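A short worksheet on the structure shown next.
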Amino acid sequence: MHTQSKPISWRSEVAAMLTLGWPTIMTNLAQIAIGTTDTLMMGWLGPTDLAAGTLGANLYFGWFVMGIGLVLATSPLLAHTLGARRHSVRECRRIVRQGLWLAGFYCLPVWLVLWNTAAILNAMGQDPALTAAAGDYGRAMMWGLLPALGVIALRSFISALQRPRAAMVVTLLAVGLNAFVNWLLMFGNWGAPALGVMGAGIASTLSNLFMFSALLGFILWDRRFRRYHLLGHFWRPDWIKLRELWRIGLPMGLAMGFEVSGFNAAAFLMGLIDTASLAAHAIALQVASATFMVPMGMAQAATVRVGLAAGAGDAEGVRKAGWTALVLGVGFMAVMALVLLLWPRAIIGVFLDLSHPDSAAVLAHGIGFLAVAAIFQVADGAQVVGAGALRGLKDTRVPMIFAGLGYWGLAIPVGATLAFTGGVGGLGIWIGLALGLAVVAALVTMRWSLRRRLGLLTDMS
């Protein structure tokens with residue numbers, strides 16, 4: 001049975017999208033700020049430490065993002081449930097509980113992989129002088145994976161109830177905690193051991209544990225949330241709901257995994273060129289990741305808004321929610337493209353001591369990488385928001401195919417060919433990434449435009 005609601009105006013939809021989206025965006029920015037802080041402070045250790053940390057972080061981040069996609073299946077399921085029955089309690093509890101179970105099952109094999117970070121990087125032909133430190137970083141980071149994915153499930157829950165601000169506050173506090181522990185453990189301040197990049201991994205794990213504990217504590221304390229009794233019967237399996245989450249989440253995880261593994265492969269290819277290219281890639285990717293958090297927040301808001309409308313059987317609400325998110329996300333990225341084109345040196349100077357003798361080569365490569373990043377900003381915004389809107393319709397399998405085609409069918413082969421056969425170097429790898437993003441953006445936007453003709457709207461007015 002669908003809840004009945006009167007049509008929402010475009011102005012009201014924009015207001016609702018921004019109300020839901022801006023705390024989600026701030027949470028995403030705060031989340032990426034933890035990684036940015038690590039990159040920034042590893043840069044203070046020196047280009048070699050930055051390159052080693054980048055290798056370890058890329059291997060971890062690929063698995064982390066796949067896990068995010070898997071656990072994010074809770075978001076459209078919660079939105080559809082609340083769109084159809086606004087005060088559903090038991091069903092929401094089942095979805096969140098099995099989302100946490102899914103995170104646990106996922107982490108078991110991934111921990112085994114991350115424990116062997118150094119061996120994997122050596123097998124990939126990376127510089128042995130970098131892989132030992134990268135392995136230490138990976139082993140320190142891996143224990144934060146489960147609480148980090150738990151945060152995703154809890155964030156999906158409070159966002160579906162359209163109260164995402166608690167996650168923003170908790171994540172902002174975690175940024176400060178991460179920076180402080182980095183300062184202690186990376187550089188040996190206040191009598192702490194100077195652990196270098198390994199200290200950054202420990203700090204990130206502690207920050208993820210803090211976020212999960214604090215957000216769960218808030219949900220169990222808040223009057224509106226605690227009536228859901230999220231931990232009630234926590235150890236009771238619900239195989240039907242777990243299978244549904246897996247069915248929707250696996251294509252989402254693979255789609256996000258194709259994208260991030262494409263960027264990870266780019267980092268590994270950079271490592272085969274030289275340390276300066278890898279360090280410049282780390283900086284440019286960190287900047288592009290930071291701007292990406294805004295359309296990603298719009299995508300998460302779109303999943304909720306589209307899902308609520310779809311659950312209520314409101315095809316017009318679906319249309320307005322999706323296009324509103326697309327315009328807002330792509331508009332922001334167009335502005336960011338100008339920023340990257342106009343002030344690349346100032347941006348790179350935030351991450352690197354430009355007076356360091358090794359920094360000149362990194363700066364030269366970084367300026368070129370940021371120029372290409374500026375070009376693909378709009379495409380990056382369109383593909384992530386479009387995919388988020390389609391997730392609101394539980395449409396995840398075809399977008400997964402688009403992602404595989406764009407990143408592994410085009411981006412990496414073209415980038416590697418330009419870099420090594422064409423002699424373009426690291427810039428060729430970034431050109432390949434831009435091409436892949438543009439193709440995925442075009443396919444996803446087309447699928448959203450044709451959603452009714454493709455049968456994605458069922459049982460809707």
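The values are calculated or read from the model by the stated rules, or taken from the named source; none is laboratory data. Everything numeric in this text was worked out from a predicted model, so none of it was measured. Note: ideal-geometry Cβ built from the backbone for every residue, glycine included; neighbour counts use all protein chains shown. Remember, those area values only see protein heavy atoms, side chains included, never the ligands or the DNA or RNA. Shrake-Rupley method; radii C 1.70, N 1.55, O 1.52, S 1.80 Å.
What's the number of the condition V65 fails, among (1) modelled with pLDDT under 90; (2) buried (at least 21 other Cβ atoms within 10 Å of the Cβ); (3) under 14 Å from L149 (Cβ atoms)?
Among (1) modelled with pLDDT under 90; (2) buried (at least 21 other Cβ atoms within 10 Å of the Cβ); (3) under 14 Å from L149 (Cβ atoms), V65 violates only (2).
Which one of these is closer than 19 Å to A290 by Cα, open to solvent by 60 Å² or more (accessible area, probe 1.4 Å) and not assigned by the TED database to the domain that holds G62: I431, I375, I401?
Going through I431, I375, I401 in turn, just one is closer than 19 Å to A290 by Cα, open to solvent by 60 Å² or more (accessible area, probe 1.4 Å) and not assigned by the TED database to the domain that holds G62: I375.
Just the residues that are in contact with a helix residue (DSSP H, G or I) (Cβ under 6 Å, 6 or more places away or on another chain), open to solvent by 10 Å² or more (accessible area, probe 1.4 Å) and either of a type in the set (G, A, S) or not in a helix (DSSP H, G or I) (or both), please, taken from the range 76-107.
Scanning the range 76-107 gives A84, S88.
Tell me which residues, restricted to the range 407-426, are buried (at least 19 other Cβ atoms within 10 Å of the Cβ) and either outside the structural domain of L363 (by the TED database) or in contact (Cβ under 8 Å) with a residue 40 or more places away in the chain (or both).
Of everything in the range 407-426, those that are buried (at least 19 other Cβ atoms within 10 Å of the Cβ) and either outside the structural domain of L363 (by the TED database) or in contact (Cβ under 8 Å) with a residue 40 or more places away in the chain (or both) turn out to be Y407, A411, I412, G415, A419, G426.
Could you check H356 against (1) crowded, with 24+ Cβ neighbours inside 10 Å; (2) farther than 28 Å from M446 by Cα and say which number it fails?
(1)
For the range 33-58, which positions are open to solvent by less than 20 Å² (accessible area, probe 1.4 Å) and within 19 Å of the chain's Cα centre (by Cα)?
Residues satisfying the conditions are I34, D38, T39, G53, T54, L55, G56, N58.
Filter the range 297-347 down to residues that are without any contact (Cβ under 8 Å) to a residue 24 or more places away in the chain and of a type in the set (K, R) and give me whichever is most open to solvent (accessible area, probe 1.4 Å).
Among residues in the range 297-347 that are without any contact (Cβ under 8 Å) to a residue 24 or more places away in the chain and of a type in the set (K, R), the one most open to solvent (accessible area, probe 1.4 Å) is R345.
Collect the residues in the range 186-233 that are among the β-branched types (V, I, T) and open to solvent by 20 Å² or more (accessible area, probe 1.4 Å), keeping them in residue-number order.
Once the filter is applied, which keeps residues that are among the β-branched types (V, I, T) and open to solvent by 20 Å² or more (accessible area, probe 1.4 Å), the range 186-233 yields only I202.
So which helices (runs of 4 or more DSSP H) are wholly in the range 278-396 and hold at least 1 residues that are modelled with pLDDT of 95 or more, in contact with a helix residue (DSSP H, G or I) (Cβ under 8 Å, 6 or more places away or on another chain) and small (G, A, S)?
315-342, 377-392
Examine the range 267-279 for a residue that is farther than 30 Å from T48 by Cβ, open to solvent by less than 30 Å² (accessible area, probe 1.4 Å) and either in contact (Cβ under 8 Å) with a residue 24 or more places away in the chain or in the same structural domain as V71 (by the TED database) (or both), and state whether such a residue exists.
No: the range 267-279 contains no residue that is farther than 30 Å from T48 by Cβ, open to solvent by less than 30 Å² (accessible area, probe 1.4 Å) and either in contact (Cβ under 8 Å) with a residue 24 or more places away in the chain or in the same structural domain as V71 (by the TED database) (or both).
I'm told P251 meets every condition in (1) over 24 Å from D49 (Cβ atoms); (2) surrounded by fewer than 24 Cβ atoms within 10 Å (Cβ to Cβ); (3) under 12 Å from the mean Cα position of the chain (by Cα) except one. Can you identify the failing condition by its number?
(3)
Assess whether L216 counts as being under 26 Å from the mean Cα position of the chain (by Cα) and farther than 30 Å from G46 by Cβ.
Here the answer is yes, as L216 does meet what is asked.
Would you confirm, using the coordinates I've provided, whether V71 is touching a Phe, Trp or Tyr at 6+ places or on another chain (Cβ under 7 Å) and closer than 26 Å to A325 by Cβ?
No; evaluated as a whole, the condition is false for this residue.
Within the set of pairs 6 or more residues apart or between chains, which connect a residue that is in contact (Cβ under 8 Å) with a residue 40 or more places away in the chain inside the range 431-452 to a residue that is of a type in the set (V, I, T) and surrounded by fewer than 19 Cβ atoms within 10 Å (Cβ to Cβ) with Cβ atoms less than 7 Å apart?
As it stands, the answer is A434/I375; R447/V398, since those pairs meet every condition given.
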